[in-house]
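Reading through the structure tokens given below for one structure.
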Amino acid sequence: MPLNVAVQMDPIQRINVKGDSTFALLLEAQKRGHNLSYYTPDRLALLEGRVFATVETLSVRDVVGDHFTLSAPRRTELTEFDVVLLRQDPPFDLAYVTTTHLLERIQPKTLVINDPASVRNAPEKVFVTEFPELMPPTLITRGLAEIQAFRAKHGDIVMKPLYGHGGGAVFRVTRDDLNFGSLFDMFSTTFREQWVVQSFLPAVKQGDKRIILVDGEFAGAVNRIPAPDDLRSNMVRGGAAAKTDLTKRELEICKTLGPALRQRGLLFVGIDVIGDFITEINVTSPTGIRAVKNFGGPDIAALIWDKIEAKRKATA
Ligand SMILES: Nc1ncnc2c1ncn2[C@@H]1O[C@H](COP(=O)(O)OP(=O)(O)O)[C@@H](O)[C@H]1O
Ligand SMILES: [Mg+2]
């Protein structure tokens, strides 16, 4: 049965056609005969308890420079769709939070992937703290004395914003770095919320591994190795993708996290592991599908659609 699918995403004009995971999901959906519609999150509205969006029918092609065609826009009630893919990128700000509130209203008639309430309740660097035994020593605070005590105990640290993404404002501070005081002041004035102080993991030189779980099960992985002159492994910061396998410990991490993800309706999740420690659980708009496939791994877009189709069948 073809499904009516809407994707809520950032402007499709601007995506990296060959690397974008949302685009890989759309190509696979189209291949399976599902009907695709597209809208950006700013087009959502709530009127008398019903959620509307201005959508355009979408067709996609895996061709750089000619990757999509959109129909004329039309205003429609979102419950018209069997499935909505919640796929806009961070920042995880109030605009993001608002869309999760609106999408919550179309359930259970419409299946929203990932579950919007769970996405809202699981910011990447907060959710992961529910699994302290899998994490490096981590402190979330705004307190100078607490950070000083943490530094005294753990030596080299990393300071990074709690709602950062793409490696933005991630700093390594060595044991006797004289810049710490200024950096503390800058974080205090820049951010209103607590930020992350974490043990520096020297294993980052060997990479920050993105492991993808589909409905709580390991689906594929890709390593990201930082450029020699940067701490950050993020590809947008020059990190290089590399083929990888899972270690025993990483398989255990997946086993531990799996049930929590499944139970929350977090169907497509990317976790980040540096040297046996998990640092993030990405639930908003994880990436990596295409890199995994390019290195000879499984077709995760197909795995995800298998799961979505099965879930839709179960509730039909
Ligand atoms: N504790 C750490 N030890 C070593 N490197 C780290 C640590 N935390 C972050 N990094 C480096 O910084 C990059 C970005 O940090 P991350 O926590 O993943 O935030 P973001 O959400 O911005 O990707 C990581 O990919 C890694 O290269
Ligand atoms: Mg990261």
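Laid out as a table, the results:
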{"item": "Filter pass, residue 133 being out of contact with any helix residue (DSSP H, G or I) (no Cβ under 8 Å at 6 or more places or on another chain) and over 19 Å from residue 278 (Cα atoms)", "result": "no"}
{"item": "Residue match in the range 73-89 (condition: closer than 30 Å to residue 236 by Cα, part of a loop (DSSP other than H, G, I, E, B) and touching a Lys or Arg at 6+ places or on another chain (Cβ under 9 Å))", "result": "no"}
{"item": "Pairs with Cβ under 7 Å, 6+ apart, first in the range 174-203 and open to solvent by 90 Å² or more (accessible area, probe 1.4 Å), second in a loop (DSSP other than H, G, I, E, B)", "result": "175/155; 175/156"}
{"item": "Pairs where the first residue, in the range 54-65, is over 16 Å from residue 79 (Cα atoms) and the second is outside any strand (DSSP E or B) and open to solvent by 40 Å² or more (accessible area, probe 1.4 Å), C-beta under 6 Å, 6+ apart", "result": "60/30"}
{"item": "Number of the exception - residue 297 against (1) within 16 Å of ligand 1 (Cβ to nearest atom); (2) modelled with pLDDT of 95 or more", "result": "(1)"}
{"item": "Failed condition for residue 42, given (1) closer than 15 Å to residue 11 by Cβ; (2) of a type outside the set (Ser, Thr, Tyr); (3) in a strand (DSSP E or B); (4) open to solvent by 70 Å² or more (accessible area, probe 1.4 Å)", "result": "(3)"}
{"item": "Top-ranked residue of the range 124-145 - restricted to ones that are without any contact (Cβ under 8 Å) to a residue 24 or more places away in the chain and closer than 26 Å to residue 93 by Cβ, ranked as nearest to ligand 2 (Cβ to nearest atom)", "result": "129"}
{"item": "Test: residue 65 is touching a Lys or Arg at 6+ places or on another chain (Cβ under 8 Å) and assigned to a loop (DSSP other than H, G, I, E, B)", "result": "no"}
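Table: residues versus (1) outside any strand (DSSP E or B); (2) not aliphatic (A, V, I, L, M).
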{"residue": "147", "(1), (2)": "yes, no"}
{"residue": "153", "(1), (2)": "yes, yes"}
{"residue": "159", "(1), (2)": "no, no"}
{"residue": "176", "(1), (2)": "yes, yes"}
{"residue": "182", "(1), (2)": "yes, yes"}
{"residue": "193", "(1), (2)": "yes, yes"}
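The values are calculated or read from the model by the stated rules, or taken from the named source; none is laboratory data. Everything numeric here is computed off the predicted structure, so don't read it as measured data. Here the Cβ is made from the backbone with ideal geometry for all residues, glycine too, and neighbour counts use every protein chain on show. The accessibility values were calculated without ligands, DNA or RNA, using every heavy atom of the protein model including side chains. Shrake-Rupley method; radii C 1.70, N 1.55, O 1.52, S 1.80 Å.
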